[in-house]
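Asks: Take a look at the following structure, please.
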Amino acid sequence: MALEINISTSIVIVNYRTPQLTIDCLDSLSSEIKDLPSTKVLVVDNNSSDDSISLIQNAIASNHWQEWVSLISSPINGGFSYGNNFAIRPLMESDNLPEYILLLNPDTIVRKGALNALIEFMNDNPTVGIAGSRLENLDTTPQQSAFRFRTILSELDSGLRLGIVSKILNKWTVAPAVSDNNCSTDWVAGASMIIRREVFKDIGLLDEGYFMYCEEMDFCLQAKKAGWSCWYVPKSRVVHLVGQSSGIDQDNKKPKRLPKYWFDSRRRYFLKNYGWFYTAMTDSIWAFTYILWRIRQFIQQKPNHDPPYLLIDFWINTVFCYPFL
């Protein structure tokens, strides 16, 4: 993979069986690249085993994107962290590590000026290590994009879902209200997350022990431990077609049963960062409070919007069944 010297920003897009989404994402980037000619895009195909590579290659050729887009193929589908690391690792091992690396989902459409807004913010704030865009729907309504770290208290609130308790635990709510202003936050969504190169030098690559979910939260936590702050930049606006790349959490659709890797990622995050006892307490509290919620839901005839088999799937994937990383 030939890379030019003095590349200021590299964008990494990991494709897995979503070639049209990836092509649409690249198309939205094309006008941004004209304003930022030192920016390059690396598309990693995570061993899609379909026609993704040929379709994306044809789109790059027919749209004359060769000067700023490179397509590389991964030998396995190792997940989100693996796919991004597959592109970032050669950069780190070379003398051409860009100043910034932007992780961008294939199921995104970059609004005009979004990329420039992130880069300008990072240039103006050299102590910030990570920044994230405002994710939004096609109709411009915002999605939650800036979050707090998950803790035992946030898990209690997540399971119990009782208004008065939620108010008391407001400071620990994982997804606070969407802000219209730049603000410091614990972590940002990996759908559009820019990272300063020094962060990678300090803490290394993304943890490939996560297949999907929690990896960006964990990465931001490691960066915080190393002294780097994380910010939310709403001027950078990116449409996120929720669930289109993962097939989970799609808007206006009946919830699907959560895959095992969702529970594996949650468990890994707590075990890695807080230890076995804290994880066991967290698992127990969530399960107990969720049972209380289901009882109240039944009595009050509240609608159920949870994924099927959530409680049983949660319990068989707790630290009590998988005590180690």
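Asks: I'd like the distance separating the alpha-carbon centroids of segment 2-77 and segment 90-111, in whole Å.
Replies: Rounded to whole Å, the Cα centres lie 11 Å apart.
Asks: Also, quick follow-up: Of Lys171/Lys225; Lys167/Lys253; Lys171/Lys272, which sit over 26 Å apart, Cα to Cα?
Replies: Lys167/Lys253
Asks: Specify whether the C-alpha gyration tensor of segment 197-325 places it in the rounded, prolate or oblate class, a ≥ b ≥ c being the square roots of the eigenvalues: rounded for a/c under 1.5, otherwise prolate if a/b is larger than b/c and oblate if not.
Replies: Note, shape of segment 197-325 comes out oblate.
Asks: Now a separate question. Report, to the nearest 10°, how far helix 260-274 tilts away from the longest principal axis of the Cα atoms in the chain, using its own Cα long axis and a range of 0 to 90°.
Replies: The angle comes out near 80 degrees.
Asks: Now, a different point. In debye to the nearest 20, how big a dipole does the chain give about its Cα centre with +1 on each Lys and Arg Cβ and -1 on each Asp and Glu Cβ?
Replies: 1300 debye
Asks: For a footprinting-style exposure proxy, rank Phe277, Phe80, Phe200, Phe149 by other Cβ within 10 Å, fewest first.
Replies: The order, fewest Cβ neighbours first, is Phe277, Phe149, Phe200, Phe80.
Asks: What's the angle, to the nearest 10 degrees (0 to 90), between helix 19-35's Cα axis and the longest principal axis of the chain?
Replies: 60 degrees
Asks: For all pairs of alpha-carbon atoms in the chain, what percent lies in each bin of width 10 Å, listed from the first bin to the last filled one?
Replies: Result, from short to long distances: 6, 25, 35, 23, 10, 2, 0 percent.
Asks: Under 1.5 on a/c is rounded, so check that first for segment 1-104, then, if it is not, pick prolate when a/b is larger than b/c and oblate when it is not; a ≥ b ≥ c are the square roots of the alpha carbon gyration tensor eigenvalues.
Replies: oblate
Asks: Separate question: Sort His240, His305 by Cβ crowding within 10 Å, fewest neighbours at the top.
Replies: Neighbour counts put them in this order, fewest first: His305, His240.
Asks: If you take all C-alpha pairs in segment 109-227, what percent of them are over 25 Å apart?
Replies: That fraction is 29 percent.
Asks: Return the percentage of antiparallel bridges among DSSP beta bridges fully within the chain, rounded to the nearest 5 %.
Replies: Here the share of antiparallel DSSP bridges comes out near 40 percent.
Asks: Just the number, please: Stokes-Einstein D of segment 63-103 in µm²/s, Kirkwood Rh from C-alpha pairs, 37 °C, 0.692 mPa s.
Replies: Result for D is 278 µm²/s.
Asks: For the chain, what's the relative contact order in percent, using C-alpha pairs closer than 8 Å and at least 6 residues apart?
Replies: 19 percent
Asks: Then there is this: Taking neighbour Cβ counts within 10 Å as the exposure measure, how do Glu136, Glu93, Glu208, Glu155 sort from fewest upward?
Replies: Exposure proxy ranking, most exposed first: Glu93, Glu208, Glu136, Glu155.
Asks: Now a separate question. Sorted by packing (mean other beta-carbon atoms within 10 Å per residue), highest first, where do 97-103, 62-68 land?
Replies: With the highest mean Cβ count within 10 Å placed first, the list reads 97-103, 62-68.
Laboratory data are not the source of any read-out in this text; all were calculated from the coordinates shown. Values in this document were obtained by computation on a predicted structure and should not be read as measured data. Methodologically, a virtual Cβ is constructed for each residue, glycine included, from the backbone with ideal geometry; neighbour enumeration extends over all protein chains shown.
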